[in-house]
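Below is one structure, written out as structure tokens, with a few remarks after it.
The values are calculated or read from the model by the stated rules, or taken from the named source; none is laboratory data. Nothing here was measured: the structure is a model prediction, and the numbers come from that model. Neighbour counts are summed over all protein chains in view; Cβ atoms, including those assigned to glycine, are modelled from backbone coordinates with ideal geometry. Quick note on the areas: whole protein, heavy atoms, side chains included, nothing else; ligands and nucleic acids left out. Shrake-Rupley method; radii C 1.70, N 1.55, O 1.52, S 1.80 Å.
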Amino acid sequence: MTFSERYDAHLTAITAALAACFGKEKRGFAFDGLLEAMDYSLMAGGKRVRPVLTLEFCRVCGGDVTAALDVACAVELLHTYSLIHDDLPCMDNDDLRRGKPTNHKVFGECTAVLAGDALQAEAFGKILRCALPAERRAACAEALADAAGIDGICGGQFMDMMGGSQRLSEEELSELQGRKTGSLLLAACRMGVLAAGGSPAQEDAACRYGAALGAAFQIRDDMLDALSTEQELGKPIGSDAANGKTTFLSLWGAEKCAAAVDRLTRAAIDAAKEFPESDFLCELARYLAGRGV
């Protein structure tokens, strides 16, 4: 398969599985509004990079991709929760996400908070109820918890909120973004290996790939927030500067940021080459590095 064909195959399977998560057959009158809000953000589109990574790492480790589909969906459920909460008035107060009004703009702040809460809970339920062996389910759930909690998204979001408009050092910004953004990308890679029953060496390589990819991804995001357009990104641009937030672009400038993206992308590719079939992972790293260019 070409890169595009494999990506489309993963994406088709993921999209169908996500669409079935909170379909009409699961709905009752009392919860229709909450389920509609959850489904609204979950099915808003996007590249689904994180669940694609989970399926691909499962595949290159010799696992059953179909059996890992619930694990991949769990990653996207958790990611969607984080986006809903990140957009809330008490957080980044954004009006657009993926070219559509944010969840709280459509359903109200209370429902948006509950939709995010429910998506996070359902993410762990998705793993723990899937058909993988019990020890693999437990390992995947632990990896997702690591990415979601104080060492991951929530810790990073807290650091972001408390930092406000203060000038952060390079080390502080790296830690913040490594938790808020990088942790789930790393976990997505790691969970693919765990779902396949891969070796510790494969898990280590996947973590190194995910860490490098996540860092490059965030630096590129910082650049796009200042240099892209709202139409291209599907969300407001310039919000970092407007809120006085430190970014790698404000610390380094565009030229140094581009060099860092290139260096981190090469590190991700080096880690990917430790797997027997690395072409897709290498091409994905290059593709993400080139977003908006």
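Once the Kirkwood radius over Cα pairs is known for the stretch 32-128, the Stokes-Einstein relation at 4 °C and 1.567 mPa s delivers a diffusion coefficient of 94 µm²/s.
Packing order of peptides 47-57, 107-117, highest average first: 47-57, 107-117 (average count of other Cβ atoms within 10 Å over each peptide's residues).
Can you compute the modelled spin-label distance between ALA226 and GLU175, with each label point 7 Å from Cα toward Cβ, in nm? Going by the 7 Å Cα→Cβ label model, 2.4 nm. Between TYR287 and GLU135, the contour length at 0.36 nm per residue exceeds the alpha carbon distance by 51.3 nm. Rolling a 1.4 Å probe over the protein heavy atoms gives the chain an accessible area of 44 Å² per residue. Largest accessible area first, the listed residues SER250, SER41 line up as SER250, SER41 when surface is computed with a 1.4 Å probe on the assembled protein chains.
Note on MET43/ALA145: beta-carbon distance plugged into 1/(1 + (r/R0)^6) with R0 of 30 Å gives a FRET efficiency of 0.75. Surface composition of the stretch 54-147: carbon plus sulfur atoms contribute 52% of the solvent-accessible area (1.4 Å probe, protein chains only, all chains present).
The order of ARG266, ARG208 by accessible area, most exposed first and with a 1.4 Å probe, is ARG266, ARG208. Largest mean-square fluctuation among TYR81, TYR209, TYR40, in a Gaussian network model of the chain whose springs join Cα atoms under 10 Å apart, belongs to TYR40. Anyone know which of THR66, THR181, THR247 comes out most mobile in the 10 Å Cα GNM of the chain? Per the Cα network of the chain with a 10 Å cutoff, THR66 tops the list. Consider all pairwise Cα distances in the chain and report the whole-number % of them above 25 Å. The share of Cα pairs beyond 25 Å in the chain comes to 46 percent.
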